[in-house]
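Trainee: Sending over a structure as structure tokens; questions will come in a sec.
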Amino acid sequence: MLKTKSQLIIKSILSSYSQIFFSDGKLLGATLLLVSFFSINAGVSGIIAIIASHFSALLLGLDKSKIINGLYGFNSLLVGLGLGIYYQFSFEFVLLVIFSSVLTLFITVVMEAFLAKYGLPFLSLPFLFGIWIVSLAARHYTSLEISELGVYSYNDLVVLGGNDLLQTHLNIKGLDMPPSLQMYFVSLGAIFFQYNIYAGIIIALAILINSRISFVLSLLGFYSAYGYYQIIGANLGDLNYGYIGFNFILTAIAIGGFFIIPSWYSFLMTVLLIPILSILVSGTSEILAIYQLSTYSLAFNIVVLSMLLVLKYRVRNFRKPELVGIQQFSPEKNLYSNINFYKRFGSNSPISIGLPFFGQWFINQGHTGDITHTGDWQYAWDFVIQEGDSEYLDQGDRVKDYFCYNKPIIAPAAGEVIEIVDNIPDNEIGKMDLVHNWGNTIVIKHAEQLYSQISHIKAGSFQVYKGQWVRKGELLAHVGNSGRSPYPHLHLQIQKTAFVGSKTHKYALGPYVQNSGDEFNFFSSQIPKQEQNVENISNSNVLVQAFKFVPGQEIQWELKSKAKKEFNNKSLKWIVGVDYSNQTYIYSADTNSYAFFTATDNELIFSSYKGSKSDPLYWFYLSSFRVIFGYYKGVVVEDSLPISEISMLRIMQDFVAPFVVFIKPTYKMSYLSQKQFLDDSEIKLKADFAEIIFGKPKQQLSAEHIIISNESAEWNVDFEGERYTFSRKLS
């Protein structure tokens, strides 16, 4: 327990440093902590500020996960660093740092509450208000003494590292380094109130190791500003002095790759924002100079918050550029997860809309059908139930003879019931109501400009009401024969507006299974075609028991390995939990690793992995990346994995990832067999993971899942030429 607490304390401190560069990297945090001690006063006061802020946050009962991830600490840290550079160290100074940090924490929470209404981050606004208020107040504190550090830089170097450091400095100074590059390094160092080239060089290397995209963006932001300043005739010294140059670097990283998915669009936007940022830097500097205050990062905050708010008010072009959905504190992970999402679920179908019925149905009219699905209403489906080649019993001259008549209709996705049309009677077979074209109908809103319409419903069968929120799979009504319907069938269309009979919108459905007679095919997102038999996934209790994980659950494996003695007869224990952003995960305490996933009614879908690649949890992540809970012999579930957790060539890929991707990790789960033994059953699944690099596949892992009834599961993994066998009890 003590070890765990000490690890959390260390993580909270390091995260406070790395958060300044929009990261949760421990190595980056440790490097920045080291850099802050280039000035002993600043380094110590920074640590005091974090401790005071985090301790206060804990006493006040604030979210522990946000404290651990440095979200409540980095603004106080910046205030501490700024004060540490400016004032001499003393008892009175320590008191000022402590209470300034607590004040900054209060401002942080207030800013968080206010900006959260608009879905915006608080960035370094709390630091700005904190440092300005404290700077103004400190002018009345006679016990504080101004620091002389930085006045005589050579003396500071001797104090820090002796004559050897001074000589090293003189040698480096003698190198022929371009002035612009020197300005770049000084601007990086200024973020931590270190106005020397060495701090900047170390920070640049740390950023490069932590994120290649962030490093490229830092150069793009600075040199775009450098070029613009030359074109416009501005004073280039402003980039080097006055703590201004870093605004362009931070803005480039924030807009180019952190809050926005890295792409051609985000990089172009970064360049186009530089002139606006320059105007704000110069303008705010003039205004604040009246009060003898520095502009610090004010321009960065204004530009980033304004740009994010503008993008949130868009009504089109949502991917030019695209805002980050789930923040992973890494431009690479944000990008790779985004690419992976669209590969898995389709670029035009961000919300999963399933089939509105139970069991297997036949599509007797699909998109651009030759009966009624034409023109503005071409993107629709008509579903019926067939037994053999027939849709009805006997002669089919009564509505109740049709297999689909009075069958339940379910919500294809969660949403709000916007419209219901009821009380239109069923037609006699062969007749149609041309006055009430759509018959009894329900319209559900799933998102902005995304609605589903289901028509020809049985009068009086609605189980929901207008304005009700419905869950996916919830009973809505029953199939009828109302409206322009000569025989019972179910009409489904996706549309962008809420009106009954709106123009249809081409949109993929899924997940669903297609039965072609001799084989099944699984589609995560696809447009079902005419004359196909389709159905929602019908769950197998055996697979649900084995793969549907819920928060609080403990997963215990017994591991055997003939090749590695340390793995033989070893017990593994994983915990299922939920983090502060409501992401579910499986956690392995052995290596502090996380596998993040979503468990729907019909699927286990992993999204990302964080931690050790040698932990068996990583193997489970690779071999169970996507599992449907229904058993269909011969079905192959294919998917692609995020690049960020996979290839050794990822570092090369990172540099060009916003523009071209040459690594494609692939996953395949094959449903092999199902055996019945009286009350027991055995299901075998086989998973394969491979990387396709420049078009050439390379097998990485193969695994087999064997689930016996609801009692036990066996998992066999072939990894790097070795075989590992895991087993666990399910009940």
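Just so it is clear, none of the values below were taken in a lab; they were calculated from the coordinates. Fair warning: this is a prediction, and the values are worked out from it, not measured in the lab. Every residue, glycine among them, receives a Cβ derived from its backbone with ideal geometry; neighbour counts consider all protein chains shown.
Trainee: Between ILE9 and GLU720, what length in nm is gained on full extension when 0.36 nm per residue of separation is reduced by their alpha carbon distance?
Mentor: 252.3 nm
Trainee: Starting from the amide H of GLY439, placed 1.01 Å from N in the peptide plane, find each other amide H under 5 Å away whose residue is 5 or more places distant or on another chain.
Mentor: So GLY439 has HN proximity to GLY483, ARG484.
Trainee: Starting from the amide H of GLY630, placed 1.01 Å from N in the peptide plane, find each other amide H under 5 Å away whose residue is 5 or more places distant or on another chain.
Mentor: SER540
Trainee: While we're here: Taking the C-alpha atoms of the stretch 314-402, how large are the radius of gyration and the largest Cα-Cα span, Dmax, in Å?
Mentor: 20.8, 64
Trainee: Let me ask you something else. From the backbone phi of the stretch 689-696, what are the Karplus-calculated ³J(HN,Hα) couplings (6.51 cos²θ - 1.76 cosθ + 1.60, θ = phi - 60°) in whole Hz, Gly and Pro given as x?
Mentor: 10, 9, 10, 9, 10, 6, x, 10
Trainee: If you don't mind, another one. Compute the angle between helix 40-59 and the longest alpha-carbon principal axis of the chain, please, reported from 0 to 90 degrees and rounded to the nearest 10.
Mentor: With both axes taken from Cα atoms, the answer is about 40 degrees.
Trainee: P(r) for the stretch 1-149, please, calculated from all Cα pair distances in 5 Å bins and given in %.
Mentor: All Cα pairs considered, the percentages come to 2, 11, 20, 23, 20, 13, 8, 3, 1, 0.
Trainee: Can I ask one more? Just to check I understand the Karplus step: with θ = phi - 60° and J = 6.51 cos²θ - 1.76 cosθ + 1.60, what whole-Hz values come out for the stretch 528-539, glycine and proline as x?
Mentor: Here the 3J(HN,Hα) series is x, 9, 4, 6, 9, 8, 10, 7, 5, 5, 9, 5 Hz.
Trainee: If contacts are Cα pairs under 8 angstrom and at least 6 residues apart, what is the relative contact order of the stretch 360-507 in percent?
Mentor: 27 percent.
Trainee: While we're on this one: Quick one: compute a quarter of the convex hull surface over the Cα atoms of the stretch 541-729 and quote it in nm².
Mentor: In nm², the orientation-averaged hull projection of the stretch 541-729 is 11.9.
Trainee: Order these peptides, 75-88, 245-258, 386-399, by their mean beta-carbon neighbour count within 10 angstrom, highest first.
Mentor: The packing order, highest mean first, is 245-258, 75-88, 386-399.
Trainee: Just name one of PHE659, SER670, PRO697: the one whose Cα is farthest towards the positive end of the charge dipole of the stretch 608-731 (beta-carbon charges, Lys/Arg +1, Asp/Glu -1).
Mentor: In the stretch 608-731, that residue is PHE659.
Trainee: Here's another thing I want to ask about it. Which net charge results when you count Lys and Arg as +1 and Asp and Glu as -1 among the other residues whose beta-carbon is under 11 Å from that of PHE358?
Mentor: Its environment carries a net charge of 0.
Trainee: Taking θ as phi - 60°, what are the ³J(HN,Hα) couplings along the stretch 632-637 by the Karplus curve (6.51, -1.76, 1.60), each to the nearest whole Hz, with x for Gly and Pro?
Mentor: 9, 4, x, 5, 10, 8
Trainee: If you average the sequence gap of Cα pairs under 8 Å that are 6 or more apart and divide by the length of the chain, what percent do you get for the contact order?
Mentor: Averaging sequence separation for qualifying contacts and normalising by length gives 8 percent for the chain.
Trainee: Moving on to the next point. Which peptide among 714-727, 264-277, 11-24 comes first, and what is the full order, when sorted by highest mean count of other Cβ atoms within 10 Å?
Mentor: Going from most to least packed, we get 11-24, 264-277, 714-727.
Trainee: Then there is this: How would you rank 491-501, 625-635, highest first, on the average number of other Cβ atoms within 10 Å across their residues?
Mentor: In decreasing order of mean packing, 491-501, 625-635 become 625-635, 491-501.
Trainee: Hey, got the dipole for the chain? About the Cα centre, +1 on K and R Cβ, -1 on D and E Cβ, debye to the nearest 20?
Mentor: Roughly 840 debye for the chain.
Trainee: Helix-only estimate, please: 222 nm mean residue ellipticity of the chain, summing -39500 (n - 2.57) across DSSP H runs of length 4 or more and dividing by its residues, to the nearest 500.
Mentor: Rounded to the nearest 500, the figure is -11500 deg cm²/dmol.
Trainee: Between (i) 30.8, 104; (ii) 26.7, 83; (iii) 30.2, 97, which matches Rg and Dmax of the Cα atoms in Å calculated for the structure shown?
Mentor: (i)
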